[in-house]
Amino acid sequence: MREATLAPLSGILPAFRDVLNPYDGTVVGTVPLTSPEDVDAVISTARAGAVQARALSRHRRGKLLDDAASVIQARREDFAQTVTAESGKTIRQARKEVLRAINTLRLSAAEARRNAGETVPFDSYEGSEDRIGWYTREPLGIIAAITPYNDPLNLVAHKVGPALAGGNAVILKPSALTPLSAQMLADVLTEVGLPGGVLTVVHGDREVAEAIVKCREVRMVSFTGGFATGEAIARTAGLKKLAVDLGGNAPVIVMDDADLPAAVEACISGAFWAAGQNCVGVQRILVAEPLYTEFRRSFLQETSRLAAGNPAVDSTDVGPMISAASVERLRAKIDAAAAAGAIVLAGNTGEGNLLHPTVLENVPPESRLWKEEVFGPVVMLHPFATFDEAVEVANAVDFSLHAGIFTRSLDTALQAASRIDAGGVMVNDSSDYRFDGMPFGGSKYGSMGREGVRFAYEEMTQPKVVCIKR
């Protein structure tokens, strides 16, 4: 069992919370809880940490992040097992997440060293010929980072890495369901020499997060999670920067000229990776009518081959959802859609927190299952007659992070890239493809701001102009 190493801030012994394995319910660790009364001490610590963070040279920031990446690389199996134990992600998927987190930290180290600003051509404007200057990128100060359970290590790295690269202090509140991976990352940063107070980890409930978010000294809140929580943060935060990723409802269009085996393989992975608890996971597969029957047959065949079970076993493809409450909410949406005419082609069975991969067709577009983010191992098939119809259906939702299209036609691919309302359009790939260096975010109500190391770094810093008149 793993115990977090966070020390109490108030001098009063804190309460502790057990962290449970979502597959079998065993206790895999404990964390000390921060109370709302402790938030003043948290802010005080971060205030001092912000002074130290700003004073770190760019070389030092980069070295700390690179050194942390190297330590995690050496302990990658321990990190992967922790990710699996607390989140239910399969061990093969957890190992990939650890590798991505290492890359995220290394990208952050590179950003610390290179993205310092640039010159400004003042003499390009008549009357300013005798002026020269530049701008630098300066830290904001204190950044609050609130992270979800589905990528408990890499999504923490995506907030902490760029923030530290920019010379900020960070108050990190990981998901109460998966706090251990985040604490391990923080412990590694301390181990390699990050000054005390630059990164403070708090474990607690909504009241603690609200108290941190509303604090005036917090200059930015970076949040990944649900829409309702995102709205609450926006109402509470006041005048500060917000970067929020509030989920998606990803469509994938399969044209009649698509490479069928490649499309099926990518959509299987995209729909059921991390038990579908993936904001860019494939949710609605729109298939051209001439290809629909063959795609449906092949997709169901490949779905039936997926092994659902113990995520710690190498052969498992689909592990449990995070909690019984998540399973119950999703099953209620499936049942309501089925009552309205949807046909369950596979799955909708399971035990405990394990929901077997589920495929539906004929799902009513007004159903919650179709309109909202599924965030579970459920995917819907839908035939279309024309490309225009496919684009219209793809765009007819309120949340839009990523989309995908499979086609051999460059013209069709470019039209899709132009016409689909999404933060990213993946061509001949699943909607869930993400490189940690690319801009990541959505359109409509899906997000505000962008992640992806360079882009998060720029969100977490501010320009300062220097102009010299000769």
Size of charge dipole - region 267-391 - debye, nearest 20, with Cβ of Lys, Arg +1 and Asp, Glu -1, no other charges: 180
Note to self: Kirkwood Rh of region 132-224, Cα pairs, one decimal, Å, is 13.6
Sorting VAL379, PRO439, GLY347 by the position of each Cα along the dipole of the chain (Lys, Arg +1; Asp, Glu -1; all at Cβ), the one nearest the positive end of that ordering is PRO439
For VAL51 and LEU414, what is the calculated FRET efficiency with R₀ set at 35 Å and r taken between the beta-carbons, to the nearest 0.05? 0.10
Per the 1.4 Å probe, what fraction of the accessible area of the chain, in percent, lies on carbon and sulfur atoms? 53
Can you list the residues, at least 5 places off or on another chain, whose amide H is less than 5 Å from the amide H of GLY376, using H built in the peptide plane? ASN278
Normalising by the residue count of the chain, find the relative contact order in percent from Cα pairs under 8 Å and 6+ residues apart. 18
What is the set of long-range amide H partners of PHE16 at a cut-off below 5 Å, with H atoms built 1.01 Å from backbone N? LEU33
Burial-style ranking of 341-347, 158-164, average other-beta-carbon count within 10 Å with highest first, yields 158-164, 341-347
Amide H neighbours of THR30 under 5 Å, counting only residues 5+ apart in sequence or on other chains, H built in-plane at 1.01 Å? ARG2, GLU3, ALA4, VAL19
Taking θ = phi - 60°, what integer Hz values does the Karplus form 6.51 cos²θ - 1.76 cosθ + 1.60 yield along region 354-368, in sequence order, with x for Gly and Pro? 8, 10, 5, x, 10, 10, 10, 9, 6, 7, x, x, 8, 6, 5
List, in the order given, every pair from LYS214/LYS371; LYS63/LYS241; LYS241/LYS371; LYS96/LYS241; LYS173/LYS241; LYS96/LYS333 whose Cα-Cα distance in the structure shown is over 20 Å. LYS214/LYS371; LYS63/LYS241; LYS241/LYS371; LYS96/LYS241; LYS96/LYS333
Binning at 10 Å from 0, report for region 216-342 what percent of all alpha-carbon pair distances ends up in each bin. 10, 29, 32, 19, 8, 1
Once normalised by the length of region 131-248, the mean sequence separation of its alpha carbon contacts under 8 Å that are 6 or more apart gives a contact order in percent of 28
Hey, what does the equivalent ellipsoid look like for region 45-149, semi-axes from the Cα gyration tensor as sqrt of 5 times each eigenvalue, largest first, whole Å? 39, 16, 13
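When DSSP assigns beta bridges and you keep just the ones with both residues in the chain, what percent turn out antiparallel, to the nearest 5?
Once the DSSP bridges in the chain are tallied, antiparallel ones form about 40 percent.
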Per residue of the chain, what 222 nm ellipticity follows from adding -39500 (n - 2.57) for every DSSP H run with n ≥ 4, rounded to the nearest 500? -12500 deg cm²/dmol
What Kirkwood hydrodynamic radius do you get for region 280-425 when you take the inverse of the mean 1/r over all pairs of distinct Cα atoms, in Å? 16.3
Provide the per residue accessible area, probe 1.4 Å, for region 339-470, rounded to a whole number of square angstrom. 44
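Please report, in debye to the nearest 20, how large the charge dipole of the chain is about its Cα centre when each Lys and Arg carries +1 at its beta carbon and each Asp and Glu carries -1 there.
Dipole magnitude for the chain comes out near 1500 debye.
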Select one label from (i) 68, 54, 42; (ii) 70, 65, 41; (iii) 71, 55, 36: the one whose number is Cα extents along the principal axes in Å as derived from the coordinates shown. (ii)
Hey, what do the phi angles of region 427-437 turn into as Karplus ³J(HN,Hα) couplings, whole Hz, using 6.51/-1.76/1.60 and θ = phi - 60°, x for Gly and Pro? 9, 6, 7, 5, 4, 8, 5, 8, 9, 5, x
Applying the Karplus parametrisation 6.51 cos²θ - 1.76 cosθ + 1.60 with θ = phi - 60° to the phi angles of region 15-23, what ³J(HN,Hα) value in whole Hz is obtained for each residue in order, glycine and proline being reported as x? 6, 10, 10, 6, 9, 9, 6, x, 7
Accessible area per residue, 1.4 Å probe, Å², for region 106-172: what's the number? 35
Charge dipole magnitude, Cβ of K and R +1, D and E -1 - region 225-293, Cα centre, debye nearest 20: 660
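The values are calculated or read from the model by the stated rules, or taken from the named source; none is laboratory data. Remember, it's a predicted structure, so these values are computed and weren't measured experimentally. Here the Cβ is made from the backbone with ideal geometry for all residues, glycine too, and neighbour counts use every protein chain on show. Ligands, DNA and RNA are excluded from the accessible area calculation, which covers all protein heavy atoms including side chains. Shrake-Rupley method; radii C 1.70, N 1.55, O 1.52, S 1.80 Å.
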